[in-house]
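These notes are about the structure you will find just below.
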């Protein structure tokens, strides 16, 4: 409490801080990683998540949090500089900066793609931000108890989820924003969230997120217990098509959900500055990682028992590309490429001018070797006439020009005559 500044150093009660820490480490990675890793069979993924979480991941997170608390809430980079040398501090800070930029870019692209493909998610996520701001202000500025605002906020979030699709239909301009626009919006939001006091947005938002995540875990667990589905995946599959060797790639694929160095940044950079009592470190650091391990285990079970038949599972995990989503992404790229090629052929057939107007936008979609060039247009026009006729002057135009061709702007800027080079 002696370091409290009302911005980053904010002593927080255990329940709120646990939710903040838990949802900060338990994002998409402990779901996606295990869902891909079951291509090697359910047993390796299950063992690595269970043993890695209890014996390594939770210990790592707890230790990083305690070490940061022992050094007045400093980050791992600062601690490395004090314990080892200033040069190591510079190296650590450089690596941490690169890591954060990579993570920020990846998650901005993932969430931007989510908003573009599922516009029904836009409304509830933005409502959550507003509810979090109100919750933080009520609790920290008005002194209101946490229970009633939490219940009201959670109810509003559930209502917003059910109204998400209706909002997307009512505001199609927002729903149709491209992924690149969403990425910039998310990067701007990340900047604003990082400079605001932690109690105003980040802490209450993650606290509300924890309620949603726990609700999902409970419902998924109840579904597995009630339905008691059969595991359709093989126990071990050492030679899946196109996949790298299981060792060491199993441990790379499942990082969050077993052990992740990124959690050390969360424990030392954010969570340690909000711990009100040293005894809270164990349930937050160790217990938070156990919660993420539970999410990873349920992801393994859902990815192995969530299929009706073994054939369905084998079809989805037919290859490494299919399991990781690369095949679906490649299909989307091929469809878009065919669409652009068809658009190019359509405009060329209709006589679109590739040297100005809409043609400038079209050329940006064509491969470099296929883009229009004045000399290339002239050569293609000459190739349209074969034999001696290609070198004989034609009536109404120069050599190689077909009579009666549609007039169009000359590449040099002059207006074409009847029989001039057609676009």
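Quick note: the coordinates plus some simple rules give every number you see, no bench work behind them. Keep in mind that what you see is a predicted model, and the values were worked out from it rather than measured. Glycine also receives a Cβ, built like all others from the backbone with ideal geometry; neighbour counts cover every protein chain displayed.
Annotations
- For the pair residue 185 and residue 165, the difference between a 0.36 nm per residue extended length and the Cα-Cα distance amounts to 5.1 nm.
- For region 14-319, the alpha carbon convex hull comes to 162 Å³ per residue, rounded to a whole number.
- Stretch gain in nm, segment residue 93-residue 173, where the contour uses 0.36 nm per residue and the Cα spacing is subtracted: 24.7 nm
- Additional length obtainable on full extension of the chain from residue 249 to residue 118, 0.36 nm per residue less Cα span: 44.1 nm
- Ranked 131, 195, criterion: other C-beta atoms within 10 Å, fewest first: 195, 131
- Residues in region 24-41 reached by a label modelled at residue 235 [backbone nitrogen below 16 Å; 7 Å Cα→Cβ]: 40-41
- Proxy reagent accessibility, fewest Cβ within 10 Å first, across 278, 56, 246: 278, 56, 246
- Residue order for 60, 21, fewest other beta carbons within 10 angstrom first, comes to 60, 21.
- For region 14-319, the relative contact order is 46 percent, taking Cα pairs closer than 8 Å that sit 6 or more residues apart in sequence and dividing their mean separation by the residue count.
- FRET efficiency for the pair residue 196 and residue 55, taken as 1/(1 + (r/R0)^6) with r the Cβ-Cβ distance and R0 = 51 Å, rounds to 0.85.
- Taking region 172-319 and dividing mean pair separation by its residue count, relative contact order in percent (alpha carbons under 8 Å, at least six apart): 38
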